[in-house]
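Bear in mind these aren't lab numbers, they're just calculated from the coordinates by the rules spelled out. Quantities reported herein were computed from a predicted structural model and do not represent experimental measurements. Cβ sites come from the backbone with ideal geometry, for glycine too, and all protein chains shown count toward neighbours.
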Amino acid sequence: MVSSTIIISRRTSAGFLFPGLVVIGIFMVFPAVWVLYLGLTDESLTGIKSVMPSFVGLGNFIRIFQDRFFYNALRISFIFVAGSGWVGQVALGLFLAVILHNEKSWLKPAINAVTVAAWIIPEVVVAYLWVAFLDHDFGLLNRVLGLFNLEPVNWLYHHALFSIILFNTWRGTAFSMVLFTAAIETIPPSFLETAQVLGASGWRRFKDIILPMIRPVLLTDIILITLWTFNVFTPFLLTQGGPSFKTEILPIYVYRTSFQYFKLGYGAAISTILLLINLGFAIIYLRAQRRSKA
């Protein structure tokens, strides 16, 4: 009787898991394998190679590491992730969550509403709003600078990388803020109240109580923000990777190679490298989680 119950429970569990595994296989595993296969060919979107591509083995991957445009995109991607992901979204989200934790005035719901609204508005809409905001001739930012007798700035040309970092920070900070707010709410109030009574400063309360207790959430947020930021394509709507490739992050470089220069096989190889970088971030996260639990 016991063994039959175990068999039934296993079959039931498999039945519940099967639809999810099918979806993962179709939409995640199969595309990854297909991209890896394309990366081993010289397939193109046009011409004879679109019909009869040749197998080139590791030729595309060898070529990638000799491509200065790839290194340029990789460097800009890390700057973009560090600026808008780690410093922007993670650090700013944590800062807002901490300072608003005990806030009782109208300021807390106002800031929450603004940050969440920036997060839930569709990315395309947000991108074009920022294009209008940063426009050299009619943008609101330059109009404000004009009130102080300052010269207008062509933000998307002279400060293009800073502009997309600022845009992505504004866009994604809400997720980190909401996540950290929920984590801080789980800390027993007596911990912070006792530390305050004993004369601990705000920094000491943050460093010795808040930060250690939300560390697992902090690690989770860092890896999620890193992966999302490393793969985001929305900055293309602001700068198209320019000027002079100064904002060409890796997803934009993949798009330009595959769909503007029609080198689908080479673009797939770059996508595979991007996938491996993401896998590396995931492995670092899992190891950090294990150390945190230990």
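Once amide H atoms are built 1.01 Å from N in the peptide plane, which residues 5 or more positions from residue 41, or in another chain, come under 5 Å H to H?
Amide H neighbours of residue 41: 56.
Give a residue-ordered list of calculated ³J(HN,Hα) values for region 172-182 (Karplus: 6.51 cos²θ - 1.76 cosθ + 1.60, θ = phi - 60°; whole Hz; x for Gly, Pro).
Taking θ as phi minus 60°, the curve returns x, 5, 4, 4, 5, 4, 5, 5, 6, 4, 5 Hz for region 172-182.
³J(HN,Hα) across region 243-255 via Karplus (A = 6.51, B = -1.76, C = 1.60, θ = phi - 60°), whole Hz, x for Gly/Pro?
Rounded to whole hertz, the list is x, 6, 6, 6, 10, 7, 6, 4, x, 5, 5, 4, 4.
If you plug each phi of region 156-162 into the Karplus form 6.51 cos²θ - 1.76 cosθ + 1.60 with θ = phi - 60°, what whole-Hz ³J(HN,Hα) values come out, in order, with x for Gly and Pro?
Each residue of region 156-162 in turn: 7, 10, 7, 10, 5, 5, 4 Hz.
Using only the alpha-carbon atoms of the chain, report the extent along each of the three principal axes, biggest first, to the nearest angstrom.
Ordered largest first, the chain gives principal extents of 85, 75, 31 Å.
Order of 23-33, 107-117 by packing, highest average Cβ count within 10 Å first?
Descending mean neighbour count gives 107-117, 23-33.
Per DSSP helix of 4 or more residues, -39500 (n - 2.57); summed, then divided by the residues of the chain. What does that give at 222 nm, rounded to the nearest 500?
Taken over the chain, the calculation gives -20500 deg cm²/dmol.
List the lysines whose Cα lies under 26 Å from the Cα of residue 207, skipping any in the same chain that are fewer than 8 positions away.
Cα-Cα hits under 26 Å: 104, 108, 293.
Let me know the shape class of region 159-209, please: from the alpha-carbon gyration tensor, a ≥ b ≥ c as square roots of the eigenvalues, rounded when a/c is under 1.5, otherwise prolate if a/b is greater than b/c, or oblate.
oblate
List the relative contact order of the chain as a percent without decimals, with contacts defined as Cα pairs under 8 Å and 6+ residues apart.
Answer for the chain is 30 percent.
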